[in-house]
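The values are calculated or read from the model by the stated rules, or taken from the named source; none is laboratory data. Here the structure is a predicted model, which is why all the values come from computation and not from measurement. Because the Cβ atoms are built from the backbone with ideal geometry, glycine has one as well, and the counts that use them run over all protein chains shown. SASA here: full protein model, heavy atoms, side chains in, ligands and nucleic acids out. Shrake-Rupley method; radii C 1.70, N 1.55, O 1.52, S 1.80 Å.
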Amino acid sequence: GVQKIDPYSLTGSIKGRDNMYAHLKAMLERAEKSVIIQTTKDGFVRKAKRYKSVFRKLNERGVKIRISAPVTEDLINKSEIKGLAQIKALNGTNSRFVIIDEKEILFTVSDDKEVHESYDTAVWANTPFFTKARISASVCRVRVTVTLASAIALTALSMTVVSPERSARRSASVA
């Protein structure tokens with residue numbers, strides 16, 4: 001039959017870099033097979049410092065960690081996470097997203113150089129359908145997938161989000 005899905009358990013909007021990083025840490029700790037991170041140069045430095053111990057634990061559990069960012073080989077070699085993750089210098093991109101086990105995705109809606117960290121915003125989705133499509137598309141066309149992610153993020157942020165409590169009250173008043 002048809003399975004009813006609670007949208008509140010599948011998506012969310014997160015405001016503020018500290019909140020985003022707390023959510024990202026929880027996502028990383030749930031990883032079982034793979035972690036894919038695309039970030040900026042500054043984001044690479046922040047994540048390397050902040051998640052070094054998490055990356056070490058993931059590496060010990062056999063989780064494959066792949067990171068791409070517009071960084072130099074020198075920065076990669078000086079990085080504290082060099083042996084814990086496959087790191088690729090990928091110039092010409094300016095996107096920030098994380099995909100966990102081809103199931104969960106967290107992506108930002110703005111450039112980290114153009115927004116104050118307290119206003120930095122991300123969209124999280126638990127959707128294998130989207131993340132698998134995004135992974136296969138990003139292999140060849142990173143810029144296309146970034147544009148797709150930005151469009152989805154703007155659409156998600158422009159939608160009115162109703163809390164489960166408010167939704168229940170609304171349903172009760174209609175009935």
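Within region 34-60, the set of residues being outside any loop (DSSP other than H, G, I, E, B), among the polar types (S, T, N, Q) and buried (at least 19 other Cβ atoms within 10 Å of the Cβ) comprises Q38 only.
When N77 is tested against (1) at pLDDT 75 or above; (2) within 28 Å of K33 (Cβ to Cβ); (3) open to solvent by less than 60 Å² (accessible area, probe 1.4 Å); (4) of a type in the set (S, T, N, Q), just one condition goes unmet, and that condition is (3). Checking D74, D18 one by one, the residue that is in contact (Cβ under 8 Å) with a residue 60 or more places away in the chain and closer than 26 Å to E114 by Cα is D18 and no other.
Between K82, K88, the distinction of being open to solvent by 30 Å² or more (accessible area, probe 1.4 Å), part of a strand (DSSP E or B) and more than 21 Å from M20 (Cα to Cα) belongs to K88 only.
Within the set A31, A22, A69, the sole residue that is out of contact with any Cys (no Cβ under 6 Å at 6 or more places or on another chain), surrounded by 13 or more Cβ atoms within 10 Å (Cβ to Cβ), under 17 Å from F107 (Cβ atoms) and modelled with pLDDT of 95 or more turns out to be A31. Scanning region 34-47 for residues that are farther than 13 Å from F107 by Cα and polar (S, T, N, Q) returns a single hit, S34.
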